[in-house]
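Scroll down for the structure; my scribbles are underneath it.
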Amino acid sequence: MTMKPTNPIKLKQCRFCEKLFYASVGKPIQYCSDECRRLSDLYKKWIKRRFPHPTICKVCRKPFEKQYHNQNYCSPSCQTVGLREAHRARNKTYRKYLEMFKVDFSTIHERDWAHKKEAEIEKQIMCFREQE
């Protein structure tokens, strides 16, 4: 029976408390204990909240600090401009899609009106039959 070779042990320094501890060479252990790892994570979160990095506004390209996690614009006016541009871009894509399949824009509206006219005519016919 052959023995499995063990990993060499190396002296490392904890990233949080800076104590020296022994760890296997192959493992990427950075902390001397689970407590140090947990405290380090809490500290990193605290630093992120305390000193947030600025975000760039998508419209005016000015840096600003987010008030909400999904905030993309620095002010309501920039948000209005940005959402309007996004709406126009979606509209252009839709129109290109319709043009690609050779759909006439006027027929779309005519179909809608024709459907409404048919419904009105059927309603009038029903009213006329009830009166008889």
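All other residues with a Cβ under 14 Å from the Cβ of Cys57 taken together, and with Lys, Arg as +1 and Asp, Glu as -1, what is their net charge?
So the surrounding residues net to +2.
Please compute the contact order of the stretch 7-51 in relative form: average sequence separation of alpha-carbon pairs under 8 Å and at least six residues apart, divided by the residue count, as a percent.
Answer for the stretch 7-51 is 31 percent.
May I ask you to compute the full-extension gain from Asn70 to Leu11, defined as 0.36 nm times their residue separation minus their alpha-carbon distance, rounded to one decimal in nm?
16.9 nm
No lab work stands behind these numbers, since they all come straight from the coordinates. Keep in mind it's a predicted model, so treat the numbers as computed, not measured. Cβ: placed from backbone, ideal geometry, glycine included. Neighbour counts: every protein chain shown.
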